[in-house]
Every structure is written in C-alpha cells, then in structure tokens.
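Asker: Okay, handing you the structure first.
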Amino acid sequence: MTTILLLSGPNLDRLGERSPEIYGTMTLAEHVDRFTQLAASYAYDVRHRQSNFEGDLIEEIAGARDAAAIVINAGALTHTSWALADALGAFAGVSIEVHLSNPAAREPFRHTSTLAPVVAGSIAGFGGLSYELAVEAVRRLLSNGA
Ligand code: DQA
C-alpha cells in the first residue's frame, strides 16, 4: 500500500481550542480523520505524527523512506526552520505544504515559508478543506505527475 506521511507541527495539537476564529473548531484528530478517510478511498495508507519539537519532525522526514508523499503543516516552523526545509528537500517523494489559514493575508512574519522552495506546492487558507485538497494533489502528483 502507498503511504502518505502527514506531519503536524507545533501547537496544532491545540486545534479546536486555539484561536478558533482563525483555525476553526475542528480538532487535529478530526482533520486527520477526514484526511485519512479520503486517502483510504484512493487506497493510500496514512501515518500521522504531531510534534511540538523541530527535531522530531526532522527525524520523521528522514525516516520516511517508505512514504511516497509527505503532507506537512509545520505551524510556525514554516516561517523559521531552514533545518526542516533541508530535511524535506532531501525527501525523494512528493511533498506538499498545508495551512488552515492563509499566512499571506496575516502578519508579515508569516509571509515567508522556508518550505515553499522545496515542496511541490502549498495549499493554504481553506480551513479543513486544505487537508482534503492536499490528498487530491498527492493523488494527481503520484498518478500523473501533474
Ligand atoms: C498555520 C499557519 C502558521 O502561520 C501558524 O503558525 C500555525 C498554523 C495554519 O495552518 O494556518 O501554527 O500553519
């Protein structure tokens, strides 16, 4: 079975209670559930990891040799972590950046993504739909390359 590694960075474990006016009321478990169900309908297996620690996420990426794709919401590490970008850049499969909110429409520090140069593309601003669109993107990229 083809595996997608779904990674969630700092503070995403608090979704549901954290700034619901920005991130909505769904919990991370609910987002992961929807993502996993949609992925399963395309016969993809999903492994999800959440961590508040940069090094944990880097190790997950480095150890993801079995995964065909990585979908990552790196939280605020998106805007700061060159180490995460290096790890993703060394991943041989498809990688996609996801955000619930639209960082480009928020504070200036959120306008830079260190991950943007190394991922196939970024999906942002659609709330929970961002995750579902990421599954669709993975499917297209793995099946057609486009
Ligand atoms: C986020 C956007 C980031 O700027 C922020 O730090 C997050 C969540 C999003 O999903 O909209 O933690 O990645």
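No value in this document is a laboratory result; all are computed from the given coordinates. All values reported here derive from a predicted model rather than from experimental measurement. Here the Cβ is made from the backbone with ideal geometry for all residues, glycine too, and neighbour counts use every protein chain on show.
Asker: Sum up the charges of everything whose Cβ sits under 10 Å from the Cβ of Asn52, counting Lys and Arg as +1 and Asp and Glu as -1, but leave Asn52 out.
Answerer: Charge balance in the 10 Å sphere: -2.
Asker: State, to one decimal in nm², a quarter of the convex hull surface area for the C-alpha atoms of the chain, i.e. the direction-averaged projected area.
Answerer: 7.7
Asker: To continue, here is another question. If you put +1 on each Lys and Arg Cβ and -1 on each Asp and Glu Cβ, how big is the dipole of region 1-94 around its Cα centre, in Debye rounded to 20?
Answerer: Rounded to the nearest 20 debye, it is 140 debye.
Asker: Read phi for every residue in region 45-61 and hand back ³J(HN,Hα) as whole Hz from Karplus 6.51 cos²θ - 1.76 cosθ + 1.60, θ = phi - 60°, with x for Gly and Pro.
Answerer: Those phi angles translate into 9, 10, 10, 10, 9, 10, 8, 8, 10, 3, x, 4, 5, 4, 5, 4, 5 Hz.
Asker: Give me, ordered by chain and number, the residues 5 or more places off Val71 or on other chains with an amide H under 5 Å from its own placed amide H.
Answerer: So Val71 has HN proximity to Leu5, Leu6, Leu7, Ile96.
Asker: Further question on the same structure: Assign one of three labels to region 1-64, namely rounded, prolate or oblate, based on the Cα gyration tensor with a ≥ b ≥ c the square roots of its eigenvalues; rounded applies when a/c is under 1.5, prolate when it is not and a/b is larger than b/c, and oblate otherwise.
Answerer: oblate
Asker: Quick one: Karplus J couplings for region 17-29, per residue in order, coefficients 6.51, -1.76, 1.60, θ = phi - 60°, nearest Hz, x for Gly and Pro?
Answerer: Result, ordered by residue: 10, 8, 5, x, 5, 9, 9, x, 10, 6, 7, 4, 4 Hz.
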